[in-house]
Every structure is written in C-alpha cells, then in structure tokens.
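Working notes, structure below.
The values are calculated or read from the model by the stated rules, or taken from the named source; none is laboratory data. Bear in mind the structure is a predicted one, so any value in this text is a computation, not a measurement. Backbone-built Cβ (ideal geometry, glycine too); neighbour counts: all protein chains shown.
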Amino acid sequence: MELGNELRRFRFVHGEISQQELANAIGVTRLTIHSIETGKFVPSTLISLKLARFFGVRVEDLFYLADENGKNGPRDMSRESDGDA
C-alpha cells in the first residue's frame, strides 16, 4: 500500500494557490509540498493536520491509501452509506 493524496487538486480548487504559497502558509518548504504531491515524501501527522486545517477539510479528504496500481483512490462520498444499513 502507498499513501495517495489530493493535495494538488485542493490547491487548484482553493484559488489555484502555488506550492510556495501553501508552503509559506503551513511553515514548510516548497520542496516539501512538491514531494508530498508526487508521493516521494509521506508527511508527518503535524504537517497533515496543518494541510487539512488550511483547506478546511479532514485529513482523510486529502490523503488515502492506494495499492501499487493506484487503486483504492479517493473515497467516493456519493457511495457511502448514511448509516441505514
């Protein structure tokens, strides 16, 4: 399993902010943001929480478990049960 992320998508949905702007906002380097987006770096819990807070979402909305083939990607919220099962 690998850690996948939606960081790039969230950057563009939230005003197309640059990697540098995001890095400055959460106190890391641009290279850290780039490395997270490309899957070369797994962020610490602290960085993950800072990113989630910045975008106003849950950590689970930014990150997901993916197998080696990229499957099991971002959760499809429309298919989740509403608890009536």
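Report the residue count in segment 41-85 for those that are among the charged types (D, E, K, R) and at pLDDT 95 or above.
So the answer is 5.
With respect to (1) surrounded by fewer than 12 Cβ atoms within 10 Å (Cβ to Cβ); (2) at pLDDT below 95, the lone exception for Glu2 is condition (1). Each residue in segment 2-43 was checked for being of a type in the set (D, E, K, R) and under 10 Å from the mean Cα position of the chain (by Cα), and 5 pass.
Yes or no, residue by residue, for (1) of a type in the set (A, V, I, L, M); (2) within 18 Å of Gly4 (Cβ to Cβ); (3) in contact (Cβ under 8 Å) with a residue 12 or more places away in the chain:
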{"position": "Gly15", "(1), (2), (3)": "no, no, no"}
{"position": "Asn24", "(1), (2), (3)": "no, no, no"}
{"position": "Thr45", "(1), (2), (3)": "no, yes, no"}
{"position": "Ser48", "(1), (2), (3)": "no, yes, yes"}
{"position": "Val57", "(1), (2), (3)": "yes, yes, yes"}
{"position": "Leu62", "(1), (2), (3)": "yes, yes, yes"}
{"position": "Ala66", "(1), (2), (3)": "yes, yes, yes"}
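Scanning segment 21-59 for residues that are among the β-branched types (Val, Ile, Thr) and surrounded by 12 or more Cβ atoms within 10 Å (Cβ to Cβ) gives Ile26, Val28, Thr29, Thr32, Ile33, Ile36, Val42, Ile47, Val57, Val59.
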